[in-house]
Amino acid sequence: MAGAGVKNLDPLWAWQPYRPSTEAPWNLPRVGHLYRRAAFGATYAELQAGLKAGPEALLDQLLKGGPGLAEFDAQMASLAQSIARYNDATHLRAWWLARMLHSPHPLQEKITLFWHNHFATSYAKVQSARFMLGQYELLRRHALGRFSELLRAMSSDPAMLIWLDGRDSKKGNPNENYARELMELFSLGIGHYTEKDVREAARAFTGWEIQGTKAVFNAQQHDDGVKTVLGQTGNWNADDIVRICLEQKSAAPFLVAKLYRFFISETAAPSPELLAPLAQQFRNSDYDFGALVKTMLASNLFFSSHAYRTRIKSPVDFVLNIVRGLEGAIDATALAQSLEQLGQNLFSPPSVKGWDGGKSWLNGQTLLFRQNLALALTSTEDARFGRRCDPAALARKYHKETDAELVDFFLHLFLQGDVAAQTRMRLLHYQQQAHKLPAPVYWTQQDSADQRVRSLCHLVLTLPEFQLD
Amino acid sequence: MRCFLCSVRFLVPLTFAAAAARAEAPLPSKETVEKQALERLPAPTRLVPHQVDLLIQAPQPCRLLSVLTAEDLLKPLQQVAPVQEVLHSTKVRRLGQLVAYFEKELGLPWPQLLDRLAGRGVIIGVQFAPNPTPVLLVVEGEDEPLMQQFFQLGLKVLAQELARQEAKDKPIKGSYKEYSTIRIGANFHAAVAGRALFLSNSEKALHAGLDCHRSGGKGSMADVSSIKEAAQLLPPQPLVSLWLNMTKLRQTPGAKAAYKDPPYKDPPRNDPALTIGYGQYLNLLGRTPFVCAGVYRDKAGFLATVRTPCGREDMGADRFLHLPLASAPGSRPLLKPKNVLYSESKYFNIANVWKERAALFNEKQVQQLEQFENKVAPFLVGARLSKLLMQAGPYYRFVAVHQAGIAYKTTPKISLPAFALVWELREPEALGKSLETILRGVALLAGGKADLRLIEEQYQGCKLVGYRFPEDRPLLGDVYDLRFNFTPCFTRVGDQFVVSSTLDLCRELVDLLRQEGGAPSRGQAATTRASLYGAGAAAYLQTFEDLLVTQTALDQAVTPKEAREQIKALVDVLRGVGELALEARFHAKAFQYDVRLRTDFAAKAQTVQKEK
Amino acid sequence: MTANRRDFLKASLAGVGLIGAGSGAPLFLSRTAAAVPAADKAGAKDTILVVIELTGGNDGLNTVVPFNDPEYAKLRPTLRQTPAQVKKINDQLGLHPSLAGFAELLQDNVLCIVQGVGYPNPNQSHFRSMDIWQTASLNENVSEGWLGKALKGLPGAPSFHLKSNNEASPLALEGAPVRVPSIATLEEFQLQLAAASGADKKEQRDIIESAARSNGGPGLLDFVQRTASNTYASSRRLQEIGKNYQPQTPYPNTPLGGRLKLAAQLIDAGLGARLFYVAHGNFDTHATQAPTHANLLAQLSQAVTAFFKDIAARGHRDRVLVMTFSEFGRRAKENGSRGTDHGSAAPMFLIGGKVKPGPVGEHPSLTQLEFGNLKHHTDFRQVYAAILDRWLGVSSKDILGAEFSHAAIFKS
């Protein structure tokens, strides 16, 4: 099963582009898998279209984004202006959630979320929606671009300067916070640098200040002396330190391993040999992250059982999979607030390490909140969400009426039909005998039928398989 | 959805009278005879026991419902997206289904059901007693067998609902004298007696209500004299009316704790702010045997009025501060500049704060006041606080308006309304001069940090003294550039002293005050008048359009363009609200507090029609 | 295992068979090595801390009263508690008459009163001072609370913020690795279902629980199934508790009573919860203090006493520690409105089977005041240090940023 044979995988085979074959056909589970990892889930129509289109065409579309992106960006930008002006923390989260939900290019939002977790900066300390939005833009712009450019730009990002105290770092009194996290968390990983490197590098990051709404470089406060970092000596400034870090052998494998955990699997740590070719490619291409993403998503390994359902859905994934599947026009503000209880408050990671993810998303409390949130979204009786995502309306849209059709429809939509036969039978049995159960006397036939459909949808969403990504 | 039978009832006496006047009177129909017999029956207050301390009744539920669902009220509200969402929600639709079910089972459309089951009124009685506070709900109709049917049907549905939710409690039949009762759990008791339905959370209350029914109203609220007094105090035919036994309320432990030590009814009180702010109301509440209120609908809009049988007579020291002499007006006319948001006019005899301090405050507070007067003397540049207070008059007015134009080049990020305080002076010349000197001094001190620039202007014969913020430098702490909402200034117009946050508003007020003239009797009898204006509020809300658009776009999941349209609909509704006016008036032996909502929806709808 | 947990496991195994053969013990009930604190004799292995925040600034001088001190009568002419009224602790100190329950707890040797608690350069702003107490730091811009940091050292331990409506999560709990849920009622912890009838609900629940039955294989699906089955078992347990909970002593019908009853239910549910946070207020009595203060203290005393007695009767007497704190005390001299203004030093109450009973430290002097306020002699971080090191078993030095000598609140 998943994880068992990862250590013995052939790297050559692993990263070659996937071609449908009899052992690994292009089927609905693979379409769903791609949509879950490279986007935030799919609608019924998208699943059917993806199946027809084939892996290359579908991946191409997800990498490039759909039509209407420019208009969408313009509309969201106009909303962002008032959020920045009034420092509106509540709508800041709702805004990004709305982007993730409605963007024609969800892969870009997903990668931005990856970078947000990587450079984990929290509004709790920055306290400025403008700066958080600025950092978001920075991450999004470079999401599928070059990591080297992103890392360079990050050293002067206002939100980061506040978060890791860069703006307090002055000549003669440098603050080591950013230099340390740059090496430990952003580029190299623990064990690939020494304390002295951190101290010296900190001197190179001095001189940045925040004036009004911008980050400004104050040469007077910059320590332009000679520094020795990771074996290289010179009058290094911020860009130089970034360059030096990226020249280290450990940089590429560190990032590739992180992306592996994000895209391929959380259950088994990959062997260095498996990642070596990717790391090599990443480094040689001057850290072209877009190419790395493309290679990973197009690979045999990605479409194999080693990657299928080997992650736990993060709260954002969980919630957006449901809303997208139900084709709902959801209240983004209420949804963003409910994500807090599930443990993922956008723009406010718990610490600079970000969200640990994986199994830590699920414990006795968060799982219960997930199930209850799924109920709130589908029952139409919750004041926060109303009838925005009505499974009964969706079933009517696709003309699914009989019990078997409905069961198969929801299993198809959310799990691509990939559940144990026993589960399907149980659901079908429940749906059939639900007709006989008493309903309140004043409900109409239509109301009872709709209620059954909504309950069925909720039951499908509570299946343990749905927690898997 | 008009209540056909309700409207017919009003016509009946007229037709009968008209018919009787003719020589050959046609025989009245059986229905009219029945109706007349019903007319002679007493009101449903006879079904509520006399121990009730709070009574709320809707004497004609039909009319109430038709008012609430009236076209001109519902339509504009329905344009607002969140309201639409609530109306289409599952819970509301299920409620509709429930009503449809009752219609089907009982065989009548719901307006007729309402008339037959609740035509004589719905009444709620509450007694001030500890847990649980007994509440009795009585619904009286016209149709005895229908009431029984309705009750049985209701119980059936309720029992099923309880079973559906796996609740522990089931309906248990019981009896009390010749009535059969139903109990669910410890807190739900119900019975039907004749044409009336009784519901209560306390068994004792239910039994008391049934006793009233048995005795034909002996020992019920109908016999309580203050109910009749209240009915006379209030205008006729309220939609909903309320009566509260203040004597009993004052005896509850919570109120006692607030009213003892020393008694709050009369000053001096522990907290001088209460005496200054609300002395007259506290005194009233301490004396009055009951308070009654009613809600009405008239052509212009809605009226809610609260009345008591006590007035200016017997008011103690509070009258020094809050009551004018019988010959003087209660307050000056309301000022209504352009784009007004809020305008108020009050009587407050500030001179008596000093003159009658011995009667109004306790020793310690008087000492503190005198000490304060001494402390503040050096700041007042020669004048003494006591003298200033004595020179001030008893009438003041306050306005807040939406600023359409800003006097600076820089636009503030958040627009604030302009506001002004207008105070009447007893000795205009002297006090005017003192105030001017003091305010200039204050501006010098406060303005030092902000570098205010002085502007003096002559306008219509009045000298306006104002200050501007410099536009070329930032002010520490003012992230949103709020200071550009202000050009604080002051002036004197006859016996009125105006302090305003902007020069534009000041000029407008000068014009309005000059128009008003200086007749000493100008004004109205009400001691407090305040109004909120929908048009001004709508204009002010529009300055936050971008914030509202973002919020709406995210909450309603629509594009910015659609969000803008939704905001426009909301603003139109707000504009249609017209005016919310509050008024307090003290008569010799009565007091009334009126809240009027003058809606403008009809006018809007008409203009829209005409445009089409 | 305690009898409680044995019964629970039996019930769930027999009833629903949720726990598949071969899987590990339910998540909540398992005591992984990491979760066992290195707590020494002061507390039993999984000790529980209940923190009660007295919001607004409790008047310590009228709570723990130096009734014989002549200065006291001078400072509090109208608000003073007379020797006849107070509940005597010794011949110098007495408790406010409303704290009858606390007097009982003192008789039972489970009440400890730490006097004169504060911090240097006391701040009199509600917000700033509360931040200082909740972050255990005099620095500004600290975004993590002392309890949140403590929870980092207690991995896998559920904790709860029992809130009233519209109460925000306190700063003290920020920084926890898993966000501490704020709950108001047990319903929030129950698996909710929308169903047409009771029978329908039962059918749905069966489906959900049977889907969580794992076949014991390795892999992620199995992990999810096991987590799910634990969750549903706890949810069932909580529902049972909610319906059938018979408190061993009656709880007062007040909001605080309700919240502490909820805490007792959660403790008894055997979820392994370690930390509870409740707020009670508002103690900001600037005018007419006497009736309000008496009322609030009465509610506090009744609720905490009922809670402690209930918990003790269920066998958790030695595992539970209740701590009260407030952001500051109040001014020594009363003001002109028969109330008091913001002050600084005040007492803290600690209730538990393992505390050292009686007063700790001297009552602050009523003659040597600092800007009219009582001077503190015990830094509040000393109390925190004792609790963190000896009760919860996490390193106080890491959390508080420095070594603080422990306040003597525990029996040795």
Problem - Top-ranked residue in the stretch A:428-445 [being assigned to a helix (DSSP H, G or I) and facing another protein chain (nearest Cβ under 7 Å); ranked as farthest from the chain's Cα centre (by Cα)] - result: A:Ala434
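Here's the yes/no breakdown for (1) buried (at least 19 other Cβ atoms within 10 Å of the Cβ); (2) closer than 24 Å to A:Leu47 by Cβ; (3) within 14 Å of chain B (Cβ to nearest Cβ):
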| residue | (1), (2), (3) |
| --- | --- |
| A:Thr378 | yes, yes, yes |
| A:Arg396 | no, yes, no |
| A:Met425 | no, yes, no |
| A:Asp447 | no, no, yes |
| A:Leu459 | yes, yes, no |
Exercise for the section: Hand me the list of strands (runs of 3 or more DSSP E) wholly inside the stretch B:443-543 holding 3 or more residues that are without any contact (Cβ under 8 Å) to a residue 40 or more places away in the chain and not aliphatic (A, V, I, L, M). Expected result: B:453-459
Practice task
Evaluate the stretch A:57-73: report whether one residue or more is surrounded by 18 or more Cβ atoms within 10 Å (Cβ to Cβ) and within 14 Å of chain B (Cβ to nearest Cβ).
Solution key: yes
Practice task
Quick one: B:Arg575 ticks every box in (1) more than 14 Å from chain A (Cβ to nearest Cβ); (2) surrounded by fewer than 19 Cβ atoms within 10 Å (Cβ to Cβ); (3) part of a helix (DSSP H, G or I) except a single one, so which number is it?
Solution key: (2)
Practice task
Return the total of residues in the stretch B:79-97 being more than 10 Å from chain A (Cβ to nearest Cβ) and assigned to a loop (DSSP other than H, G, I, E, B).
Solution key: 2
Practice task
State all residues of the stretch B:356-368 that are in a helix (DSSP H, G or I) and either over 20 Å from B:Asn283 (Cα atoms) or within 14 Å of chain C (Cβ to nearest Cβ) (or both); if no residue qualifies, say none.
Solution key: B:Glu363, B:Lys364, B:Gln365, B:Val366, B:Gln367, B:Gln368
Completion exercise
Within the stretch B:47-78, residues being modelled with pLDDT of 85 or more, more than 20 Å from the chain's Cα centre (by Cα) and not in a helix (DSSP H, G or I) number 8
Fill in the blank from the handout: A:Ala80 meets each of (1) surrounded by 20 or more Cβ atoms within 10 Å (Cβ to Cβ); (2) at positive phi; (3) within 14 Å of another protein chain (Cβ to nearest Cβ) with one exception, condition (2)
Exercise for the section: Identify all residues within the stretch B:388-410 that are surrounded by fewer than 18 Cβ atoms within 10 Å (Cβ to Cβ) and touching a residue at least 60 places away in the same chain (Cβ under 8 Å); write none if there are none. Expected result: B:Ala404, B:Gly405, B:Ile406, B:Ala407, B:Tyr408, B:Lys409, B:Thr410
Exercise for the section: Check the stretch A:151-162 and report whether any residue there is out of contact with any His (no Cβ under 7 Å at 6 or more places or on another chain), part of a helix (DSSP H, G or I), within 14 Å of chain C (Cβ to nearest Cβ) and among the basic types (Lys, Arg). Expected result: no
Problem - Residues satisfying the stated conditions in the stretch B:411-468, i.e. of a type in the set (A, V, I, L, M, F, W, C), within 39 Å of the chain's Cα centre (by Cα) and over 14 Å from B:Gln496 (Cβ atoms) - result: B:Ile414, B:Leu416, B:Ala418, B:Phe419, B:Ile438, B:Leu439, B:Val442, B:Ala443, B:Ala446, B:Val465
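One line per residue, one yes/no per condition, for (1) outside any loop (DSSP other than H, G, I, E, B); (2) closer than 30 Å to C:Thr367 by Cβ; (3) of a type outside the set (Gly, Ala, Ser); (4) out of contact with any His (no Cβ under 6 Å at 6 or more places or on another chain):
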| residue | (1), (2), (3), (4) |
| --- | --- |
| C:Ser234 | yes, no, no, yes |
| C:Leu238 | yes, no, yes, yes |
| C:Lys243 | yes, no, yes, yes |
| C:Asp284 | no, yes, yes, yes |
| C:Pro291 | yes, yes, yes, yes |
| C:Asn295 | yes, no, yes, yes |
| C:Phe308 | yes, no, yes, yes |
| C:Ile311 | yes, no, yes, yes |
| C:Phe325 | yes, yes, yes, yes |
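Just need a number here: residues in the stretch C:342-399 that are among the hydrophobic types (A, V, I, L, M, F, W, C) and either modelled with pLDDT under 90 or in a loop (DSSP other than H, G, I, E, B) (or both).
6
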Exercise for the section: Pick out, from the stretch A:187-306, the strands (runs of 3 or more DSSP E) lying fully within it that include 2 or more residues that are in contact (Cβ under 8 Å) with a residue 24 or more places away in the chain and in contact with a helix residue (DSSP H, G or I) (Cβ under 6 Å, 6 or more places away or on another chain). Expected result: A:208-211, A:227-229
Exercise for the section: State all residues of the stretch A:345-371 that are facing chain C (nearest Cβ under 7 Å), closer than 16 Å to A:Pro464 by Cβ and either without any contact (Cβ under 8 Å) to a residue 60 or more places away in the chain or basic (Lys, Arg) (or both); if no residue qualifies, say none. Expected result: A:Lys359, A:Asn363, A:Gly364, A:Leu368
Practice task
Name every residue in the stretch C:190-229 that is touching a residue at least 40 places away in the same chain (Cβ under 8 Å), farther than 18 Å from A:Asp418 by Cβ and facing chain A (nearest Cβ under 7 Å), in order of residue number.
Solution key: C:Leu191, C:Thr227
Problem - Failed item in (1) away from chain B (no Cβ under 14 Å); (2) on the phi > 0 side of the Ramachandran plot; (3) within 29 Å of the chain's Cα centre (by Cα), with A:Pro464 passing the rest - result: (2)
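The values are calculated or read from the model by the stated rules, or taken from the named source; none is laboratory data. Model, not experiment: these values are computed from the prediction. Counting neighbours? That spans all protein chains shown, and the Cβs are built from the backbone with ideal geometry, glycine included.
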